[in-house]
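Starting off with a structure, shown below.
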Amino acid sequence: MPGLWLERSARATVKGRGVTFAARVAALPFSTAAREPGLTAPLVDAGHGTEADFAALGARAKGAFVLVETEELRDLDGLFREYMEAGHIERRAIDAGAAGLVYMSSRPGNTLARHNASLGWANRHPMMMMERDAAARALRLLRGGTALTLTAVLDVRSGPAYTAHNVVGEILGSTRPDEIVVIGAHLDSWDLGTGALDNGANSVMVIDIARQIARLGLRPARTIRFALWNGEEQNLNGSHGYTLSHAAEMDKHVMASSYDIGTGRITGYFTGGRADLLPVLDRALAPVASLGPFTHVNVPIVGTDNYDFMMQGVPNLVANQESANYGPNYHARSDEFGRADLRQLRLNAAIAAATTWGFATLDFSLPRQTAGQVDSLVRNTDLADQMKSFNVYDAWAAGKRGLRP
Ligand SMILES: [Zn+2]
């Protein structure tokens, strides 16, 4: 892991002429600390954080906390939008010389979340999310002409690089034991809630599939590896580490799958721009056709543990799922066990098991892509933009992560 980052506590006070109120805040991942008695700066209205909003704000952003209004997050589309916008908003705030960035929480019901900060470890500013009602009150006052200051106390513990571990088990293949099919979910989560939807539910699903195959005494032709990745939330570190320590075996990896969208119904898979996966999937899913219909989306996806397999040219799948309640609870205080749909999770386990089993018993091998093919995937899709919003583009471009011609 590149470093330690933990929030111990966070609080904020908004003040103006004749008005003072406490606002609940959460430090965003990799925010810098603001120690007692806190950092005080003007709080200014940065609209939705667009180019035009920052242009309108002009020099008033300098040395101020810029407050960015958000739409309430309802579904996966809203979540993807949040990811794609965050990097740009943060860059504009820093270029404008802001002292810090405050997002209005997009989660409903005044819920806080540990999201969004796209700069990762490169961040050198205090960044936080403010409960929706308090942010709305501040914006109403600012838009009515009341000047405000914000005092933020962010008690953040950070530290140097350290070692953490993935948890990996396997069921050895009977006839092609050196060929490997990976099914994975990530074990870590952000800590405002307990991370039941992201990604406890899918971690236990992976364990349960291993347990059921063992209990039934089934032996796949290929080896199935059940992976619980660590450090996914920080920079996909666990799966990246796996591709490094198993580099000599990469040619033997037939498929790697990731499950990371809560407990909504699995509707199909993202197949990473590899049309050759589609007929295999159709065959694998035939035994669970009654849990469908399944529709696959043949585009590359960045944001979970398929990424380093994809950049190593290994056939990879990400389960596509109905939004259900994933978006509103994403990285939020409300991501607790009671939100998980246990019945649907069991049905998803059947779908994921059928998929895994299909690839583990496939009678032909899918080739690993070459560096040239990976490069053309980057060039001919929106992959580069996604990589930039997840902070992984530079490492690939520099030849430090993934295949590069
Ligand atoms: Zn996740």
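If you place +1 on the Cβ of every Lys and Arg and -1 on the Cβ of every Asp and Glu, how big does the dipole about the Cα centre of the range 1-51 come out, in debye to the nearest 20?
Taking the Cα centre of the range 1-51 as origin, the dipole is about 280 debye.
Also, I was wondering about something else. How high is the relative contact order of the range 279-386, in percent, counting Cα pairs under 8 Å that sit 6 or more residues apart?
51
With a 10 Å radius around each residue's Cβ, average the other Cβ atoms per peptide and rank 47-58, 302-313, highest first.
Packing proxy ranking, top to bottom: 302-313, 47-58.
With every protein chain kept in place and ligands, DNA and RNA left out, what is the accessible area per residue of the range 269-405? Probe 1.4 Å, answer in Å².
42
Per residue, how large is the accessible surface of the range 97-178? Use a 1.4 angstrom probe and give square angstrom.
Per residue, the range 97-178 has an accessible area of 42 Å².
Once R0 is set to 22 Å, what does the formula 1/(1 + (r/R0)^6) return for the Cβ-Cβ distance between residue 336 and residue 110, expressed as a FRET efficiency to the nearest 0.05?
Computed FRET efficiency for residue 336 and residue 110: 0.90.
Using the Karplus curve 6.51 cos²θ - 1.76 cosθ + 1.60 with θ = phi - 60°, work out ³J(HN,Hα) for each residue of the range 257-262 in order, rounded to whole Hz, and write x for Gly and Pro.
Running phi through 6.51 cos²θ - 1.76 cosθ + 1.60 with θ = phi - 60° gives 10, 10, 10, 7, 10, x Hz.
Right, something else. Among 160, 246, 269, whose Cα projects farthest towards the positive end of the dipole of the chain, with charges put on the beta-carbon of Lys, Arg (+1) and Asp, Glu (-1)?
160
Here's another thing I want to ask about it. Enumerate the amide H contacts of residue 297 below 5 Å, restricted to partners 5 or more residues apart or on another chain; note that Pro and chain-start residues carry no placed amide H.
The list, which skips near neighbours in sequence, is 269, 270, 271.
Testing the spin-label approximation: label points 7 Å from Cα along Cα→Cβ at residue 246 and residue 218. State their distance in nm.
1.9
Next question, about the same structure. Given contacts defined as C-alpha pairs under 8 Å and at least six residues apart, what's the relative contact order of the chain, whole-number percent?
Relative contact order of the chain: 18 percent.
Right, here's the next one. Can you give the relative contact order of the range 1-72 as a percent, counting alpha carbon pairs under 8 Å and 6+ residues apart?
Dividing the mean separation by the residue count of the range 1-72 yields 23 percent.
Mind putting a number on the dipole of the chain about its Cα centre? Charges go on the C-beta only, +1 for Lys and Arg and -1 for Asp and Glu, and I need it in Debye to the nearest 20.
Using Cβ point charges on Lys, Arg, Asp and Glu, the chain gives about 660 debye.
Can you work out ³J(HN,Hα) from phi for every residue in the range 230-244, in order, using Karplus 6.51 cos²θ - 1.76 cosθ + 1.60 and θ = phi - 60°, giving whole Hz and x for Gly and Pro?
With coefficients 6.51, -1.76 and 1.60, one gets 10, x, 4, 5, 8, 5, 6, 5, x, 5, 4, x, 4, 5, 6 Hz.
Taking all protein chains as present, what is the carbon and sulfur share of the accessible area of the range 137-236, in % to the nearest whole number, probe 1.4 Å?
Carbon and sulfur together cover 54 percent of it.
What number comes out for the charge environment of residue 29, summing +1 per Lys or Arg and -1 per Asp or Glu over other residues with Cβ under 11 Å away?
So the environment of residue 29 carries a net charge of -2.
Still on this structure: Considering amide H positions built from the backbone, and no H for Pro or chain starts, which residues 5 or more places from residue 369, or on another chain, come under 5 Å of its amide H?
Amide H to amide H, under 5 Å and 5 or more residues apart or across chains, residue 369 pairs with 314.
So for the range 317-366, taking the charge dipole from beta-carbon charges (+1 Lys/Arg, -1 Asp/Glu), which of 348, 362, 334 sits furthest toward the positive end?
Going by the Cα projections, it comes out as 334.
While we're on this one: Using per-residue counts of other Cβ atoms within 10 Å, averaged over each peptide, order 69-78, 212-221 from highest down.
So the peptides 69-78, 212-221, ranked by packing, come out 69-78, 212-221.
I've got another one for you. Taking 0.36 nm per intervening residue step and subtracting the Cα-Cα distance, what contour gain separates residue 371 from residue 265 on full extension?
34.7 nm
Within 10 Å, count the other beta carbons around each residue, average over each peptide in 337-346, 156-165, 185-194, 99-108, and list them highest first.
99-108, 185-194, 337-346, 156-165
Hey, with R₀ at 60 Å, roughly what FRET efficiency would residue 36 and residue 363 work out to, going by the Cβ-Cβ distance, to 0.05?
E(calc), rounded to 0.05, equals 0.35.
Tell me which residues come under 5 Å, amide H to amide H, from residue 173 once H is placed; ignore anything under 5 positions away on its chain.
The list, which skips near neighbours in sequence, is 223, 224.
About its Cα centre, what dipole magnitude does the range 23-127 give when the only charges are +1 on Lys and Arg Cβ and -1 on Asp and Glu Cβ, stated in debye to the nearest 20?
The calculated dipole for the range 23-127 is roughly 440 debye.
Between residue 155 and residue 295, what is the label-to-label distance in nm when each label sits 7 Å out along the Cα-to-Cβ direction?
About 5.0 nm, to one decimal.
Continuing with the same structure: For residue 388, which lysines qualify as cross-link partners when the Cα separation must be under 16 Å and same-chain residues fewer than eight apart are set aside?
400
Could you give each residue of the range 354-362 its phi-based ³J(HN,Hα) in whole Hz, using Karplus coefficients 6.51, -1.76, 1.60 with θ = phi - 60°, and x for Gly or Pro?
So the Karplus estimates, Gly and Pro as x, are 4, 4, 4, 4, x, 6, 6, 10, 3 Hz.
The values are calculated or read from the model by the stated rules, or taken from the named source; none is laboratory data. Note that the coordinates shown come from a computational prediction; the quantities given were computed from them, not determined experimentally. No Cβ is skipped: glycine too gets one built from the backbone with ideal geometry, and neighbour counts run over all protein chains shown. Side chains included, ligands, DNA and RNA excluded: accessible areas come from the protein's heavy atoms. Shrake-Rupley method; radii C 1.70, N 1.55, O 1.52, S 1.80 Å.
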